[in-house]
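Here the structure comes first, spelled out in structure tokens, and everything after it is commentary.
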Amino acid sequence: MKKTAIWATILATGCCVPAYAQPPINGVSAVEPPPPGYDPEASSAAVNARFALPPEPDPTKAPRTHDAWRHAVRAARNRDAAIIERTTVFHGPAMRKSQVATNGEVSVSTAAARAVGAAERNAAANPPAIEANSTSASDMLNWSGTSVVNGTTANLEAVTALFVVPTAHQAFGQCADGWEYASFWPGIDGNGGSGSGDVLQAGVNVNAFCAGNNVTQNQYYPWIEWYPLSETRVDSPAINPGDLVFIEVWSVSPTQGYAHFYNHSTGISAQYSITAPAGTVVHGSSVEWVVERPTLGSNLANLTNYIAAPWVEGVAWNYADPNPTTYSMGGSPDVGTLEQITMLDNSNNPISAATIESESFLWFETSGSACGVNPNFC
């Protein structure tokens, strides 16, 4: 029996509810590791699902992603106790250029910080007409990266990312007298269609602080979020610049999802369940691989000068389908469109983008005001 068919049976019968390590915070709980001696690679999809281990990528369609998955599940018992806390940071849906405020600041109302407004929903749900089976380019205020839209994605979807964590800086030659943020994540929904108002996602924040006489501090941590709830910060696995981090995010029902982290550089894994906020469901109308400047209060944050970051082997697939479709983060899809996204600053100038080097390799880098005024660096 195919693993995808097994997944469909498991999800239909609701048999795969794992044990939780602590009460949920902001809908997020740490998942207990599988028992000693458990071998995910030798086990069936049904048994793996009971321990909420991440769906397995197709080894033929995505062999290197499958290798990353194998390393991740082999380390499924290598977990540290996790501290979970809610923050006031929001990783929201795609904000297109038309949403800039007249005063030159990108402002998001209190309501919009928790749900996309009617006008924005309409704009996101009806993007400019684009030809199917193609690649298109767009400018956004909060996202950079790539996204598959108009494809055969589903509400039972999985998406992976594998990237090197960059070092956080502020713009060269400048001190912003506060924090700047960059969020690296794969996710489901948030870029048009029926899922334009929600995002199921997990990632890593790379933040830089500067104040006074160039007093500096950096911050690196993993997080999980199901927008319109705010980010939930976790401290496991520990993250440091230069670490190679694997993340898989997937939904098991319209209101239940999971995130699996594996830090290749330390050998530590972590897994979390997340429940959708009231009135929210996953649609699977888009999947994305994003570097973002999140929302703080009513404004978009300034983007960390992360300089550059390589991403490899990111894929998404409707894993419960008997014949799943696999999308790569840099490949023109057979069905749907790959959208290549450039992030703009508050003056509508580019500050972050991903160059598609191949279907399995993206090169993210900062530019413009996020990088700084020194032409030798920017």
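Any read-out appearing in this document is the output of simple, stated calculations on the displayed coordinates, not a laboratory observation. Source: prediction; values computed, not measured. So basically every Cβ, Gly included, is an ideal-geometry build from the backbone, and we count neighbours across all protein chains shown.
Normalised by 2.2 N^0.38 Å, with N the number of residues, the alpha-carbon radius of gyration of segment 220-378 equals 1.13. With the simple model of a label 7 Å out from the Cα in the direction of the Cβ, TRP363 to ALA278 spans 4.9 nm. Under the simplified labelling scheme, the SER43-GLN217 pair shows an inter-label distance of 4.0 nm, with each label point 7 Å from Cα along Cα→Cβ.
The gain in end-to-end length when the SER298 to ALA81 segment is fully stretched comes to 74.8 nm, 0.36 nm per residue minus the alpha carbon separation. Between LYS97 and ASN323, full extension at 0.36 nm per residue minus the direct alpha carbon distance yields a gain of 77.7 nm. Working from label points 7 Å from Cα in the Cα-to-Cβ sense, the ARG70 to VAL335 distance is 3.0 nm. Using r as the Cβ-Cβ distance of LYS61 and GLU32, and R0 as 30 Å, what FRET efficiency do you calculate, to the nearest 0.05? It comes to 0.45. Taking other residues whose beta carbon is less than 13 angstrom from the beta carbon of VAL290, and scoring Lys, Arg as +1 and Asp, Glu as -1, yields -4.
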